[in-house]
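Q: Pasting in a structure now, in C-alpha coordinates, and then I'll have a few things to ask.
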Amino acid sequence: MKFLVVDDSPTMRRIVINALKSFGIEDIVEAEDGQDALSKLQTHKIDFVITDWNMPNMSGLDLTKAIRASEQWKNLPILMVTTRGLKEDIIQALQAKVNNYIVKPFTPQVLKEKITAILKAGEK
Amino acid sequence: MKDMDIKGLIKKAEELRALFILGQRVVPFLEELFAFVGEIQPLLEEINTSIQENLSKMPNLSKQLSKVTEATELATNEILDIVDGVFYKLDILSSTLKEFESSQLGLKDFFEDFNKLVGKFNNGSFSIDDLKLNLSSLQAKSKDILSVETKINSMKEMIDNIRNDSSSIMLALQVQDITSQQIAAVNHLLNTVQTRLNSLISKFQSGDITKVATVQEQTTNVTELHRVIAFDPDAVESLIDNAARQDEIDKLFEQQTIEDTSSSKEPDNKTAQSTETLDSEEKISQDDIDKLFNQNS
(Lines give C-alpha, C1' and ligand atoms only; values in the text may rest on other atoms or scores of the structure.)
Protein backbone atom coordinates (compact mmCIF):
# COMPACT_ATOMS: atom_id res chain seq x y z
CA MET A 1 0.00 0.00 0.00
CA LYS A 2 1.48 3.33 -1.09
CA PHE A 3 0.96 6.47 0.99
CA LEU A 4 1.27 10.07 -0.21
CA VAL A 5 2.26 12.55 2.53
CA VAL A 6 1.52 16.16 1.56
CA ASP A 7 2.81 19.00 3.75
CA ASP A 8 4.81 22.15 3.03
CA SER A 9 6.69 21.71 6.31
CA PRO A 10 9.60 19.27 5.93
CA THR A 11 9.49 18.71 9.71
CA MET A 12 5.86 17.65 9.60
CA ARG A 13 6.46 15.37 6.60
CA ARG A 14 9.29 13.72 8.52
CA ILE A 15 7.12 13.30 11.65
CA VAL A 16 4.26 11.75 9.67
CA ILE A 17 6.63 9.49 7.72
CA ASN A 18 8.38 8.38 10.93
CA ALA A 19 5.01 7.51 12.42
CA LEU A 20 3.96 5.59 9.29
CA LYS A 21 7.23 3.65 9.33
CA SER A 22 6.68 2.77 12.99
CA PHE A 23 3.35 1.20 11.85
CA GLY A 24 5.24 -0.86 9.29
CA ILE A 25 4.29 1.30 6.30
CA GLU A 26 7.40 1.72 4.17
CA ASP A 27 6.05 2.64 0.73
CA ILE A 28 5.70 6.40 1.08
CA VAL A 29 5.82 9.29 -1.41
CA GLU A 30 6.22 12.94 -0.34
CA ALA A 31 4.78 16.14 -1.82
CA GLU A 32 5.27 19.71 -0.64
CA ASP A 33 1.95 21.19 -1.76
CA GLY A 34 -1.29 20.35 -3.56
CA GLN A 35 0.13 20.86 -7.03
CA ASP A 36 3.12 18.66 -6.29
CA ALA A 37 0.71 16.06 -4.88
CA LEU A 38 -1.35 16.04 -8.08
CA SER A 39 1.77 15.42 -10.15
CA LYS A 40 2.87 12.65 -7.75
CA LEU A 41 -0.59 11.08 -8.11
CA GLN A 42 -0.03 10.90 -11.85
CA THR A 43 3.38 9.27 -11.57
CA HIS A 44 2.73 6.88 -8.67
CA LYS A 45 -0.02 4.44 -7.87
CA ILE A 46 -1.13 6.04 -4.59
CA ASP A 47 -3.54 4.22 -2.24
CA PHE A 48 -3.85 6.72 0.60
CA VAL A 49 -3.36 10.49 0.94
CA ILE A 50 -2.42 12.28 4.17
CA THR A 51 -2.54 16.04 3.59
CA ASP A 52 -2.04 19.30 5.43
CA TRP A 53 -4.52 22.14 4.76
CA ASN A 54 -2.42 25.33 4.67
CA MET A 55 0.08 25.06 1.84
CA PRO A 56 1.35 27.47 -0.82
CA ASN A 57 0.34 27.06 -4.50
CA MET A 58 -2.52 24.64 -3.74
CA SER A 59 -4.11 24.01 -0.34
CA GLY A 60 -5.05 20.61 1.02
CA LEU A 61 -8.73 21.51 0.65
CA ASP A 62 -8.28 22.34 -3.04
CA LEU A 63 -6.27 19.17 -3.48
CA THR A 64 -9.15 17.19 -1.94
CA LYS A 65 -11.64 18.89 -4.27
CA ALA A 66 -9.40 18.14 -7.28
CA ILE A 67 -9.08 14.48 -6.25
CA ARG A 68 -12.84 14.08 -5.68
CA ALA A 69 -13.53 15.74 -9.05
CA SER A 70 -11.32 13.24 -10.83
CA GLU A 71 -12.89 10.02 -12.10
CA GLN A 72 -9.62 8.18 -11.53
CA TRP A 73 -9.03 9.17 -7.89
CA LYS A 74 -12.49 10.10 -6.59
CA ASN A 75 -12.55 7.20 -4.09
CA LEU A 76 -8.99 7.69 -2.84
CA PRO A 77 -8.90 7.80 1.00
CA ILE A 78 -7.90 11.26 2.24
CA LEU A 79 -6.90 12.13 5.79
CA MET A 80 -6.55 15.85 6.59
CA VAL A 81 -3.95 16.76 9.22
CA THR A 82 -4.03 20.46 10.12
CA THR A 83 -3.93 23.16 12.79
CA ARG A 84 -7.35 24.44 11.67
CA GLY A 85 -10.02 23.48 14.17
CA LEU A 86 -12.84 25.98 13.66
CA LYS A 87 -16.31 24.72 12.93
CA GLU A 88 -16.22 26.42 9.53
CA ASP A 89 -13.06 24.51 8.65
CA ILE A 90 -14.51 21.14 9.63
CA ILE A 91 -17.65 21.81 7.62
CA GLN A 92 -15.59 22.77 4.58
CA ALA A 93 -13.56 19.58 4.95
CA LEU A 94 -16.74 17.51 5.26
CA GLN A 95 -18.22 19.18 2.20
CA ALA A 96 -15.03 18.51 0.25
CA LYS A 97 -15.40 14.84 1.29
CA VAL A 98 -12.30 14.38 3.36
CA ASN A 99 -12.49 10.89 4.92
CA ASN A 100 -11.19 11.96 8.30
CA TYR A 101 -9.59 14.89 10.06
CA ILE A 102 -6.83 15.30 12.67
CA VAL A 103 -5.95 18.50 14.49
CA LYS A 104 -2.22 19.09 15.04
CA PRO A 105 -0.47 18.28 17.26
CA PHE A 106 -1.39 14.60 17.12
CA THR A 107 0.01 11.40 18.59
CA PRO A 108 1.13 8.56 16.31
CA GLN A 109 -1.59 6.50 18.01
CA VAL A 110 -4.31 8.89 16.76
CA LEU A 111 -2.81 8.80 13.26
CA LYS A 112 -2.86 5.00 13.31
CA GLU A 113 -6.48 4.91 14.55
CA LYS A 114 -7.65 7.25 11.78
CA ILE A 115 -5.83 5.35 9.04
CA THR A 116 -7.24 2.05 10.31
CA ALA A 117 -10.76 3.50 10.55
CA ILE A 118 -10.62 4.86 7.00
CA LEU A 119 -9.29 1.60 5.61
CA LYS A 120 -11.93 -0.41 7.49
CA ALA A 121 -14.70 1.85 6.21
CA GLY A 122 -13.32 1.38 2.69
CA GLU A 123 -13.55 -2.40 3.02
CA LYS A 124 -17.32 -2.25 3.72
CA MET B 1 -1.59 122.80 8.17
CA LYS B 2 1.99 122.94 8.93
CA ASP B 3 4.63 121.61 6.53
CA MET B 4 5.73 119.12 9.18
CA ASP B 5 2.23 117.66 9.49
CA ILE B 6 1.92 117.23 5.70
CA LYS B 7 5.32 115.53 5.54
CA GLY B 8 4.28 113.24 8.37
CA LEU B 9 1.03 112.37 6.60
CA ILE B 10 2.88 111.65 3.35
CA LYS B 11 5.30 109.40 5.22
CA LYS B 12 2.41 107.51 6.84
CA ALA B 13 0.69 107.21 3.45
CA GLU B 14 3.89 105.79 1.95
CA GLU B 15 4.18 103.34 4.83
CA LEU B 16 0.54 102.37 4.24
CA ARG B 17 1.27 101.94 0.53
CA ALA B 18 4.27 99.76 1.31
CA LEU B 19 2.05 97.73 3.61
CA PHE B 20 -0.53 97.29 0.81
CA ILE B 21 2.22 96.31 -1.62
CA LEU B 22 3.47 93.76 0.94
CA GLY B 23 -0.12 92.59 1.41
CA GLN B 24 -0.52 92.18 -2.33
CA ARG B 25 2.60 90.04 -2.36
CA VAL B 26 1.71 88.05 0.76
CA VAL B 27 -1.91 87.30 -0.19
CA PRO B 28 -1.08 84.83 -3.00
CA PHE B 29 1.39 83.14 -0.66
CA LEU B 30 -1.26 82.96 2.06
CA GLU B 31 -3.79 81.63 -0.48
CA GLU B 32 -1.26 79.02 -1.50
CA LEU B 33 -0.66 78.20 2.17
CA PHE B 34 -4.42 77.82 2.79
CA ALA B 35 -4.71 75.61 -0.27
CA PHE B 36 -1.76 73.51 0.93
CA VAL B 37 -3.28 73.13 4.40
CA GLY B 38 -6.59 72.23 2.76
CA GLU B 39 -4.85 69.58 0.66
CA ILE B 40 -2.69 68.20 3.40
CA GLN B 41 -5.51 67.87 5.94
CA PRO B 42 -7.02 64.66 4.46
CA LEU B 43 -3.52 63.27 4.05
CA LEU B 44 -2.74 64.00 7.71
CA GLU B 45 -6.05 62.40 8.68
CA GLU B 46 -5.11 59.38 6.57
CA ILE B 47 -1.72 59.20 8.28
CA ASN B 48 -3.41 59.45 11.66
CA THR B 49 -5.88 56.67 10.81
CA SER B 50 -3.12 54.52 9.36
CA ILE B 51 -0.89 54.98 12.38
CA GLN B 52 -3.81 54.14 14.69
CA GLU B 53 -4.68 51.12 12.55
CA ASN B 54 -1.11 49.87 12.48
CA LEU B 55 -0.59 50.53 16.17
CA SER B 56 -3.70 48.48 16.90
CA LYS B 57 -2.07 45.57 15.08
CA MET B 58 1.09 45.80 17.17
CA PRO B 59 -0.35 44.34 20.42
CA ASN B 60 -1.73 41.45 18.38
CA LEU B 61 1.69 40.89 16.81
CA SER B 62 3.44 40.91 20.15
CA LYS B 63 0.72 38.65 21.62
CA GLN B 64 1.24 36.16 18.80
CA LEU B 65 5.02 36.26 19.22
CA SER B 66 4.60 35.81 22.95
CA LYS B 67 2.47 32.72 22.31
CA VAL B 68 5.17 31.36 19.97
CA THR B 69 7.82 31.85 22.65
CA GLU B 70 5.58 30.22 25.25
CA ALA B 71 4.80 27.28 22.97
CA THR B 72 8.43 26.64 22.04
CA GLU B 73 9.51 26.94 25.67
CA LEU B 74 6.83 24.48 26.75
CA ALA B 75 7.68 22.02 23.99
CA THR B 76 11.42 22.27 24.67
CA ASN B 77 10.92 21.64 28.39
CA GLU B 78 8.58 18.77 27.61
CA ILE B 79 11.19 17.21 25.31
CA LEU B 80 13.92 17.71 27.92
CA ASP B 81 11.73 16.04 30.58
CA ILE B 82 11.06 13.11 28.27
CA VAL B 83 14.77 12.81 27.40
CA ASP B 84 15.60 12.81 31.15
CA GLY B 85 13.09 9.99 31.55
CA VAL B 86 14.60 8.10 28.60
CA PHE B 87 18.09 8.35 30.14
CA TYR B 88 16.71 7.04 33.46
CA LYS B 89 14.99 4.14 31.68
CA LEU B 90 18.15 3.39 29.69
CA ASP B 91 20.08 3.18 32.99
CA ILE B 92 17.52 0.67 34.31
CA LEU B 93 17.69 -1.24 31.02
CA SER B 94 21.47 -1.29 31.19
CA SER B 95 21.52 -2.65 34.77
CA THR B 96 18.84 -5.23 33.90
CA LEU B 97 20.99 -6.27 30.95
CA LYS B 98 23.98 -6.74 33.30
CA GLU B 99 21.81 -8.90 35.60
CA PHE B 100 20.69 -10.78 32.51
CA GLU B 101 24.32 -11.38 31.52
CA SER B 102 25.11 -12.79 34.99
CA SER B 103 21.99 -14.97 34.74
CA GLN B 104 23.28 -16.19 31.42
CA LEU B 105 26.60 -17.11 33.10
CA GLY B 106 24.56 -19.08 35.65
CA LEU B 107 22.76 -20.76 32.76
CA LYS B 108 26.13 -21.68 31.23
CA ASP B 109 27.32 -23.16 34.56
CA PHE B 110 24.05 -25.06 34.90
CA PHE B 111 24.47 -26.71 31.50
CA GLU B 112 28.15 -27.45 32.13
CA ASP B 113 27.27 -29.26 35.39
CA PHE B 114 24.34 -30.95 33.73
CA ASN B 115 26.49 -32.09 30.78
CA LYS B 116 29.11 -33.49 33.20
CA LEU B 117 26.37 -35.59 34.79
CA VAL B 118 25.13 -36.74 31.37
CA GLY B 119 28.75 -37.60 30.42
CA LYS B 120 29.16 -39.69 33.59
CA PHE B 121 25.84 -41.37 32.86
CA ASN B 122 26.91 -42.18 29.29
CA ASN B 123 30.30 -43.63 30.25
CA GLY B 124 28.79 -45.62 33.12
CA SER B 125 30.57 -43.76 35.94
CA PHE B 126 27.32 -42.07 37.09
CA SER B 127 26.25 -42.70 40.67
CA ILE B 128 23.39 -41.52 42.90
CA ASP B 129 25.98 -39.73 45.06
CA ASP B 130 27.00 -37.63 42.03
CA LEU B 131 23.35 -36.71 41.50
CA LYS B 132 22.87 -35.82 45.18
CA LEU B 133 26.06 -33.75 45.11
CA ASN B 134 25.03 -31.72 42.07
CA LEU B 135 21.28 -31.52 42.71
CA SER B 136 21.31 -28.61 45.16
CA SER B 137 23.77 -26.69 42.93
CA LEU B 138 21.58 -27.33 39.86
CA GLN B 139 18.47 -26.20 41.74
CA ALA B 140 20.17 -22.96 42.81
CA LYS B 141 21.29 -22.25 39.26
CA SER B 142 17.86 -23.03 37.85
CA LYS B 143 16.53 -20.06 39.85
CA ASP B 144 18.73 -17.82 37.69
CA ILE B 145 17.18 -19.39 34.60
CA LEU B 146 13.69 -18.69 35.91
CA SER B 147 14.58 -15.08 36.67
CA VAL B 148 15.62 -14.58 33.02
CA GLU B 149 12.00 -14.55 31.92
CA THR B 150 11.13 -11.85 34.46
CA LYS B 151 14.10 -9.79 33.32
CA ILE B 152 13.13 -10.15 29.63
CA ASN B 153 9.59 -9.02 30.45
CA SER B 154 10.92 -6.06 32.40
CA MET B 155 13.17 -5.08 29.47
CA LYS B 156 10.27 -5.44 27.01
CA GLU B 157 8.20 -3.14 29.22
CA MET B 158 11.02 -0.61 29.37
CA ILE B 159 11.43 -0.68 25.56
CA ASP B 160 7.68 -0.04 25.16
CA ASN B 161 8.04 2.86 27.57
CA ILE B 162 10.88 4.35 25.53
CA ARG B 163 8.80 3.86 22.36
CA ASN B 164 5.96 5.84 24.00
CA ASP B 165 8.46 8.52 24.97
CA SER B 166 9.56 8.77 21.33
CA SER B 167 5.91 9.28 20.36
CA SER B 168 5.62 12.04 22.94
CA ILE B 169 8.73 13.70 21.50
CA MET B 170 7.19 13.50 18.02
CA LEU B 171 4.07 15.15 19.40
CA ALA B 172 6.09 17.94 21.02
CA LEU B 173 8.17 18.51 17.86
CA GLN B 174 5.02 19.36 15.89
CA VAL B 175 5.15 22.68 17.66
CA GLN B 176 7.82 23.65 15.08
CA ASP B 177 5.22 23.57 12.30
CA ILE B 178 2.64 25.34 14.43
CA THR B 179 4.97 28.14 15.52
CA SER B 180 6.41 28.61 12.03
CA GLN B 181 2.85 29.19 10.77
CA GLN B 182 2.32 31.70 13.57
CA ILE B 183 5.58 33.51 12.74
CA ALA B 184 4.56 33.55 9.06
CA ALA B 185 1.30 35.20 10.13
CA VAL B 186 3.22 37.85 12.10
CA ASN B 187 5.56 38.39 9.13
CA HIS B 188 2.55 38.85 6.87
CA LEU B 189 1.13 41.48 9.24
CA LEU B 190 4.47 43.31 9.37
CA ASN B 191 4.57 43.30 5.57
CA THR B 192 1.06 44.78 5.47
CA VAL B 193 2.04 47.54 7.92
CA GLN B 194 5.18 48.35 5.93
CA THR B 195 3.35 48.46 2.59
CA ARG B 196 0.72 50.78 4.08
CA LEU B 197 3.31 53.16 5.56
CA ASN B 198 5.36 53.15 2.36
CA SER B 199 2.33 54.04 0.25
CA LEU B 200 1.59 56.95 2.60
CA ILE B 201 5.15 58.25 2.46
CA SER B 202 5.23 58.01 -1.33
CA LYS B 203 2.28 60.46 -1.48
CA PHE B 204 4.60 63.25 -0.34
CA GLN B 205 6.28 64.69 -3.40
CA SER B 206 8.82 66.83 -1.56
CA GLY B 207 12.40 65.94 -2.41
CA ASP B 208 13.40 65.48 1.23
CA ILE B 209 10.44 63.26 1.98
CA THR B 210 11.09 61.18 -1.14
CA LYS B 211 14.60 60.66 0.22
CA VAL B 212 13.12 59.52 3.54
CA ALA B 213 10.79 57.16 1.69
CA THR B 214 13.73 55.65 -0.18
CA VAL B 215 15.71 55.23 3.01
CA GLN B 216 12.67 53.66 4.71
CA GLU B 217 12.29 51.20 1.87
CA GLN B 218 15.93 50.20 2.09
CA THR B 219 16.13 49.82 5.84
CA THR B 220 12.76 48.55 6.99
CA ASN B 221 11.93 45.89 4.42
CA VAL B 222 10.43 42.90 6.20
CA THR B 223 12.64 39.92 5.50
CA GLU B 224 11.10 37.05 3.57
CA LEU B 225 11.03 33.76 5.45
CA HIS B 226 13.42 31.00 4.31
CA ARG B 227 10.55 29.34 2.43
CA VAL B 228 6.99 30.26 1.50
CA ILE B 229 4.84 29.26 4.45
CA ALA B 230 1.08 29.15 4.05
CA PHE B 231 -0.30 29.85 7.47
CA ASP B 232 -3.24 29.53 9.79
CA PRO B 233 -3.25 32.88 11.68
CA ASP B 234 -4.50 31.07 14.80
CA ALA B 235 -2.16 28.09 14.53
CA VAL B 236 -0.96 28.37 18.14
CA GLU B 237 -4.57 28.04 19.32
CA SER B 238 -4.44 24.42 18.16
CA LEU B 239 -2.21 23.68 21.16
CA ILE B 240 -5.03 24.62 23.53
CA ASP B 241 -7.58 21.89 24.36
CA ASN B 242 -6.26 19.84 21.45
CA ALA B 243 -7.70 16.56 22.75
CA ALA B 244 -11.18 18.03 23.28
CA ARG B 245 -11.15 19.58 19.81
CA GLN B 246 -10.13 16.27 18.22
CA ASP B 247 -12.88 14.52 20.15
CA GLU B 248 -15.54 16.86 18.78
CA ILE B 249 -14.18 16.58 15.24
CA ASP B 250 -14.30 12.79 15.54
CA LYS B 251 -17.95 12.91 16.60
CA LEU B 252 -18.79 15.16 13.69
CA PHE B 253 -17.07 12.85 11.20
CA GLU B 254 -18.63 9.74 12.73
CA GLN B 255 -22.10 11.24 12.44
CA GLN B 256 -21.42 12.36 8.90
CA THR B 257 -20.39 8.80 8.01
CA ILE B 258 -23.59 7.39 9.57
CA GLU B 259 -25.60 10.00 7.71
CA ASP B 260 -23.89 9.21 4.41
CA THR B 261 -24.47 5.49 4.71
CA SER B 262 -28.05 5.63 6.01
CA SER B 263 -29.50 8.27 3.71
CA SER B 264 -30.05 8.30 -0.02
CA LYS B 265 -30.32 12.11 -0.22
CA GLU B 266 -27.52 14.21 -1.68
CA PRO B 267 -25.01 14.68 1.17
CA ASP B 268 -23.36 17.77 -0.30
CA ASN B 269 -26.60 19.75 -0.46
CA LYS B 270 -27.63 18.57 2.98
CA THR B 271 -24.40 19.67 4.59
CA ALA B 272 -24.51 23.00 2.81
CA GLN B 273 -28.11 23.65 3.89
CA SER B 274 -27.53 22.70 7.50
CA THR B 275 -24.33 24.73 7.85
CA GLU B 276 -26.08 27.97 6.95
CA THR B 277 -27.38 28.33 10.49
CA LEU B 278 -24.00 27.85 12.15
CA ASP B 279 -21.63 30.52 13.35
CA SER B 280 -18.39 29.64 11.63
CA GLU B 281 -16.17 31.39 14.18
CA GLU B 282 -17.34 29.24 17.09
CA LYS B 283 -15.51 26.18 18.27
CA ILE B 284 -17.43 22.98 17.75
CA SER B 285 -19.68 21.72 20.52
CA GLN B 286 -21.78 18.57 20.63
CA ASP B 287 -24.99 20.66 20.55
CA ASP B 288 -23.93 22.25 17.29
CA ILE B 289 -23.07 18.87 15.85
CA ASP B 290 -26.50 17.55 16.87
CA LYS B 291 -28.17 20.60 15.38
CA LEU B 292 -26.21 20.13 12.16
CA PHE B 293 -27.22 16.52 11.81
CA ASN B 294 -30.81 16.84 13.06
CA GLN B 295 -31.46 19.23 10.23
CA ASN B 296 -30.26 16.61 7.83
CA SER B 297 -32.54 13.86 9.11
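The values are calculated or read from the model by the stated rules, or taken from the named source; none is laboratory data. These numbers were taken from a predicted model, which means no experiment stands behind them. Counting neighbours? That spans all protein chains shown, and the Cβs are built from the backbone with ideal geometry, glycine included.
Q: Determine whether B:I40 is within 48 Å of the chain's Cα centre (by Cα), of a type in the set (V, I, T) and under 15 Å from B:Q194 (Cα atoms).
A: no
Q: Here's a follow-up. Please go through (1) away from chain B (no Cβ under 11 Å); (2) more than 12 Å from the chain's Cα centre (by Cα); (3) closer than 22 Å to B:K251 by Cα; (4) not aromatic (F, W, Y) for A:Q72 and return the number of the only condition it doesn't satisfy.
A: Condition not satisfied by A:Q72: (3).
Q: While we're here: Restricting to the stretch B:135-174, name every residue that is modelled with pLDDT under 75 and closer than 19 Å to B:V86 by Cβ.
A: none
Q: So B:D130 clears everything in (1) surrounded by fewer than 11 Cβ atoms within 10 Å (Cβ to Cβ); (2) closer than 21 Å to B:K143 by Cα except one condition, right? Which one?
A: Against the list (1) surrounded by fewer than 11 Cβ atoms within 10 Å (Cβ to Cβ); (2) closer than 21 Å to B:K143 by Cα, B:D130 comes up short only on (1).
Q: Mind listing just one residue for me: the one in the stretch A:17-39 that is surrounded by 18 or more Cβ atoms within 10 Å (Cβ to Cβ) and assigned to a helix (DSSP H, G or I) and, of those, nearest to the other protein chains (Cβ to nearest Cβ)?
A: So the residue we want is A:A19.
Q: How many residues, within the stretch A:1-16, are within 14 Å of chain B (Cβ to nearest Cβ) and crowded, with 19+ Cβ neighbours inside 10 Å?
A: 9
Q: Within the stretch A:76-124, restricting attention to residues that are in contact (Cβ under 8 Å) with a residue 40 or more places away in the chain and assigned to a loop (DSSP other than H, G, I, E, B), which residue is nearest to the other protein chains (Cβ to nearest Cβ)?
A: A:K104
Q: Tally the residues that are part of a helix (DSSP H, G or I) and either among the aromatic types (F, W, Y) or within 14 Å of chain A (Cβ to nearest Cβ) (or both), restricting the search to the stretch B:111-168.
A: 12
Q: Can you tell which of A:I67, A:I46, A:I50 is assigned to a helix (DSSP H, G or I) and either among the β-branched types (V, I, T) or at the interface with another protein chain (Cβ under 8 Å from one of its Cβ atoms) (or both)?
A: A:I67
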